[in-house]
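Just below is one structure, and these are the notes that go with it.
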Amino acid sequence: MRLFLFAIGGTGSRVLKSLLMLSAAGVRPLDENGKPVKDLEIVPVIIDPHKANEDLKRTEALLNDYRDIRRKLYGNDPNADGFFANRIVTLREIMSNSSVTLGDTFIFNLGAVENAKFREFIGYDTMNEANQALTSLLFANYQLENKMNIGFVGSPNIGSVALNEIKDSNEFKAFSNIFRQGDRIFFISSIFGGTGASGFPIMVKNIRQAANLEGIENRDALSRAPIGGLTVLPYFTLEGNKQDQRIATSDFIVKTQSALYYYKNTLTGANDSNVNSIYYLGDQVRSKPYLYDPGEHGQRNNAHLIELIGALAPLDFIGKPENKLSDPDGYPLPTTAYEYALDKDDLSLNFLSLGHHTRRLIYEPMSKFHLLFLFLTTGFKNMIGQGFTEDVPKIKSDFLTSQFYRTLVDQFLLGYAQWLTEMNDNMRSVALFKPGEIDMAHAIEGVGVRKRLLGHYKVDNDVFKAEMNKLSKNNPSYSERTVEFKLMDLFNKAAHNIFTERYENIN
Amino acid sequence: MKHFIYLIIGIVLTALFFVFACSDGFNIYEQMYFSQGFNDKMFNLNVYPVIAALTILVSWGGAATYYYAINSVKFDRWYHWLAVLGAVAVLAPVICYIYNDTVFSTHGVMYVGESIQFEMQTVLFAAALFVIASFSMRWWSSNCRHTPIPQ
């Protein structure tokens with residue numbers, strides 16, 4: 001199964017980043033029997049005309065790193081178990097030979113939109129006087145003058161016009177060519193801004209009305225496709241420029257209400273089957289204020305709990321059985337709406353604040369990944385030349401300068417640490433792990449190591465090394481694998497054993 | 001399989017050492033150090049087999065202790081192994097000397113100088129046997145199987 005994951009706007013990029021972190025930790029979508037979904041490929045497509053958006057750039061860089069790391073670990077095998085388990089690919093990567101040319105990127109090319117002011121885009125100057133007057137009623141002057149390479153600055157009315165171009169793009173054609181029955185589509189967008197609020201309904205409309213579009217293959221499969229969406233309600237506030245009111249926190253609720261009414265009438269009504277599953281997520285506790293930036297300065301918002309929880313939505317959607325999304329004839333079922341609640345209404349959250357279902361899904365993988373982060377950044381270098389590193393295939397000192405290791409440690413794990421810190425510093429504070437704590441036994445917030453006869457179990461790099469030595473000893477399964485796979489798989493297995501044996505069980 | 005061959009080779013070499021240590025023809029101890037009255041007493045009092053056995057015991061015991069009792073990631077460097085070799089090379093001659101001295105005292109003879117010189121070779125034998133024992137048994141150690149030299 002393929003999941004085409006459209007991440008729209010800044011929130012889309014940030015939720016996607018959280019999904020990447022979960023995927024790197026080895027969190028996989030589970031089917032109704034609790035088993036990982038087989039043969040899954042996730043195809044993220046970021047839709048955002050604001051290419052200079054820092055959140056987008058950071059997510060894109062991490063996506064590329066993730067893809068490189070995973071390819072080195074598992075090749076093109078969609079079924080993997082452990083870190084970086086979910087296969088993430090670009091549209092280009094899975095395209096068969098086709099007349100459509102695409103760049104090997106996760107970003108939707110919105111060239112026609114990005115390079116123009118909105119007034120140029122709609123041909124305002126060529127309109128007759130009456131149409132100009134009507135247009136001026138519908139759009140404020142600053143909206144007409146908006147150069148769209150900084151996005152739609154919180155104006156869904158711009159987005160709903162500009163993003164209609166998507167259906168004619170190469171990316172949309174490529175997507176429609178690749179899409180097969182059994183694949184699914186998911187959208188991530190916010191509802192209180194411009195790009196996400198407008199992009200989601202337009203994309204859904206174009207997919208459901210694929211039969212009317214020219215040059216689109218697989219029309220039937222597309223119009224019947226199971227579609228899910230994460231709609232992020234207001235969760236952050238802005239501070240800064242009081243004069244410039246193009247984006248105002250005070251408008252978020254009004255915009256949300258308007259958009260929800262619109263969605264109800266066109267997408268997610270009780271008898272509407274345009275979107276099969278809609279996940280609503282928001283928080284009345286607002287984030288620490290983000291710097292006001294309509295787009296000119298790159299827009300870089302700290303990671304937030306909502307994005308982490310939001311990233312669980314596509315995983316939940318993938319695991320839904322077919323009969324919950326389509327009727328026996330293959331037609332999509334009406335919308336089911338989902339919400340999310342914390343187990344404890346804390347302002348500083350750890351794993352114990354999350355509900356049982358979420359804990360079971362992410363606690364062990366995320367903890368293991370954090371231990372991997374500590375292991376690789378504090379202890380691994382000194383282990384080369386001993387123990388498991390000397391078993392075939394040998395991990396030699398030049399491994400530390402390899403592309404894989406540098407991408408993993410210097411780039412991806414650095415991004416991971418940043419992501420954790422940002423979530424920790426935000427409101428609600430997500431303190432899953434103690435910031436700056438390198439003592440593995442005390443790194444997981446709210447979870448200690450078990451007691452034994454005398455004192456507590458020890459967990460440190462030496463304990464990991466010993467466990468990896470044990471697992472690697474006379475283990476022929478690695479002899480045909482790469483050193484990268486050996487390291488990550490050994491650590492994953494060792495971490496599972498240590499985690500089960502030595503840490504308190506909170507599941 | 002390869003590892004079992006190493007173990008068998010180690011056992012064979014050690015057995016050969018024992019055989020040549022006890023032999024009245026080609027006696028490895030007498031080849032290395034010979035002092036007429038002293039060696040006669042050593043042979044006649046059956047000291048050679050016991051000190052050979054003690055040397056083997058200390059060497060193989062030292063290796064077993066290092067690879068299976070210590071067997072720690074904190075002590076898996078070549079210099080940790082070398083330290084154990086050093087300990088074995090000191091312990092074996094000391095134990096042998098004590099035994100030697102006890103036997104001689106029981107029989108009312110004194111060969112202090114010769115005994116000390118004789119036990120110098122035990123240093124070499126113990127070290128050699130420790131190396132043999134190490135390469136025979138290290139393969140199954142979880143943490144020290146690559147010490148002192150990676151496989």
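Applying the selection to region A:451-469, what residues are within 14 Å of chain B (Cβ to nearest Cβ) and either small (Gly, Ala, Ser) or part of a helix (DSSP H, G or I) (or both)? Can you show your working first?
First, pick out the residues of region A:451-469 that are within 14 Å of chain B (Cβ to nearest Cβ): A:458-469.
Of everything in region A:451-469, those that are within 14 Å of chain B (Cβ to nearest Cβ) and either small (Gly, Ala, Ser) or part of a helix (DSSP H, G or I) (or both) turn out to be A:461, A:462, A:463, A:464, A:465, A:466, A:467, A:468, A:469.
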Of everything in region A:350-359, what is without any contact (Cβ under 8 Å) to a residue 60 or more places away in the chain, open to solvent by less than 50 Å² (accessible area, probe 1.4 Å) and not in a loop (DSSP other than H, G, I, E, B)? Give them in sequence order. A:353, A:358
For residue B:136, indicate whether it is within 14 Å of another protein chain (Cβ to nearest Cβ) and within 17 Å of residue B:64 (Cα to Cα). no
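Being among the β-branched types (Val, Ile, Thr), within 14 Å of another protein chain (Cβ to nearest Cβ) and under 27 Å from residue A:353 (Cα atoms) narrows it down to one residue among A:444, A:438, A:498; which is it? First the steps, then the outcome.
Values: A:444 fails: within 14 Å of another protein chain (Cβ to nearest Cβ); A:438 fails: within 14 Å of another protein chain (Cβ to nearest Cβ).
Exactly one of A:444, A:438, A:498 is among the β-branched types (Val, Ile, Thr), within 14 Å of another protein chain (Cβ to nearest Cβ) and under 27 Å from residue A:353 (Cα atoms), namely A:498.
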Every listed condition ((1) open to solvent by 10 Å² or more (accessible area, probe 1.4 Å); (2) assigned by TED's automatic domain parsing to the domain that holds residue A:422; (3) over 30 Å from residue B:76 (Cα atoms); (4) among the aliphatic types (A, V, I, L, M)) holds for residue A:362 save (1)
Would you confirm whether or not region B:66-73 contains a residue that is touching a helix residue (DSSP H, G or I) at 6+ places or on another chain (Cβ under 6 Å) and within 14 Å of chain A (Cβ to nearest Cβ)? yes
State which residue is farthest from residue A:28 (Cα to Cα) when the search covers only region A:66-105 and only residues that are at pLDDT 90 or above and among the polar types (S, T, N, Q). A:105
Only one of (1) closer than 29 Å to residue A:57 by Cβ; (2) over 20 Å from the mean Cα position of the chain (by Cα) is not met by residue A:462, so which one is it? (1)
Provide a single number: the residues in region A:1-52 that are in a helix (DSSP H, G or I) and of a type in the set (A, V, I, L, M, F, W, C). 8
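Using the structure shown, decide if residue A:167 is in contact with a helix residue (DSSP H, G or I) (Cβ under 9 Å, 6 or more places away or on another chain) and surrounded by fewer than 21 Cβ atoms within 10 Å (Cβ to Cβ). Lay out the reasoning, then the answer.
Working: in contact with a helix residue (DSSP H, G or I) (Cβ under 9 Å, 6 or more places away or on another chain): yes; surrounded by fewer than 21 Cβ atoms within 10 Å (Cβ to Cβ): no.
It is false that residue A:167 is in contact with a helix residue (DSSP H, G or I) (Cβ under 9 Å, 6 or more places away or on another chain) and surrounded by fewer than 21 Cβ atoms within 10 Å (Cβ to Cβ).
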Residue ID - most open to solvent (accessible area, probe 1.4 Å), chosen from residues in region A:376-386 that are within 14 Å of another protein chain (Cβ to nearest Cβ) and assigned to a helix (DSSP H, G or I): A:382
Being crowded, with 18+ Cβ neighbours inside 10 Å, within 30 Å of residue A:494 (Cβ to Cβ), touching a residue at least 60 places away in the same chain (Cβ under 8 Å) and under 21 Å from the mean Cα position of the chain (by Cα): is that true of residue A:73 here? yes
Please verify whether residue A:392 is more than 24 Å from residue A:315 (Cβ to Cβ) and away from chain B (no Cβ under 14 Å), treating the condition exactly as stated. no
Region B:82-113 - residue that is buried (at least 16 other Cβ atoms within 10 Å of the Cβ) and β-branched (Val, Ile, Thr) and, of those, nearest to residue B:126 (Cα to Cα): B:88
Whether any residue in region A:387-406 is crowded, with 16+ Cβ neighbours inside 10 Å, of a type outside the set (Phe, Trp, Tyr) and within 24 Å of residue A:288 (Cβ to Cβ) is what I want to check. no
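Give, as residue ranges, the helices (runs of 4 or more DSSP H) completely inside region A:131-221 that count at least 2 residues that are touching a Pro at 6+ places or on another chain (Cβ under 8 Å).
Working: elements: A:141-144, A:156-162, A:170-178, A:195-208.
By residue number, A:156-162, A:195-208.
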Kindly list the number of the only condition in (1) surrounded by 13 or more Cβ atoms within 10 Å (Cβ to Cβ); (2) of a type in the set (Phe, Trp, Tyr); (3) within 30 Å of residue A:382 (Cα to Cα) that fails for residue B:79. (1)
Every listed condition ((1) touching a residue at least 12 places away in the same chain (Cβ under 8 Å); (2) away from every other protein chain (no Cβ under 14 Å)) holds for residue B:142 save (2)
Elements of type helices (runs of 4 or more DSSP H) contained in region B:1-59, each with 3 or more residues being touching a residue at least 40 places away in the same chain (Cβ under 8 Å) and crowded, with 16+ Cβ neighbours inside 10 Å: B:2-22, B:36-44
For region A:413-450, give me the residue count where each residue is open to solvent by less than 70 Å² (accessible area, probe 1.4 Å) and assigned to a loop (DSSP other than H, G, I, E, B). 13
Residue in region B:22-45 that is over 17 Å from the mean Cα position of the chain (by Cα) and either of a type in the set (Lys, Arg) or at pLDDT 95 or above (or both) present: yes
Residues (over 23 Å from residue A:358 (Cα atoms) and among the β-branched types (Val, Ile, Thr)) located in region A:31-79: A:43, A:45, A:46, A:47, A:59, A:69
Being within 13 Å of another protein chain (Cβ to nearest Cβ) and assigned to a helix (DSSP H, G or I) is the filter here; which residues of region A:470-489 pass it? A:470, A:471, A:472, A:476
Got a sec? Which of A:344, A:320 is of a type in the set (Lys, Arg) and touching a helix residue (DSSP H, G or I) at 6+ places or on another chain (Cβ under 6 Å)? A:344
Considering (1) β-branched (Val, Ile, Thr); (2) touching a Pro at 6+ places or on another chain (Cβ under 6 Å); (3) open to solvent by less than 10 Å² (accessible area, probe 1.4 Å), say which one residue B:147 fails and leave the rest. (2)
Filtered residue count, region A:144-182, keeping only those that are farther than 15 Å from residue A:110 by Cβ and modelled with pLDDT of 80 or more: 9
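The values are calculated or read from the model by the stated rules, or taken from the named source; none is laboratory data. Computed from a predicted model, the values in this text were never measured in an experiment. Every residue, glycine as well, gets a Cβ built from its backbone with ideal geometry; the counts of neighbours run over all protein chains shown. Note: accessible area is taken over every heavy atom of the protein model, side chains too, but ligands, DNA and RNA are not part of it. Shrake-Rupley method; radii C 1.70, N 1.55, O 1.52, S 1.80 Å.
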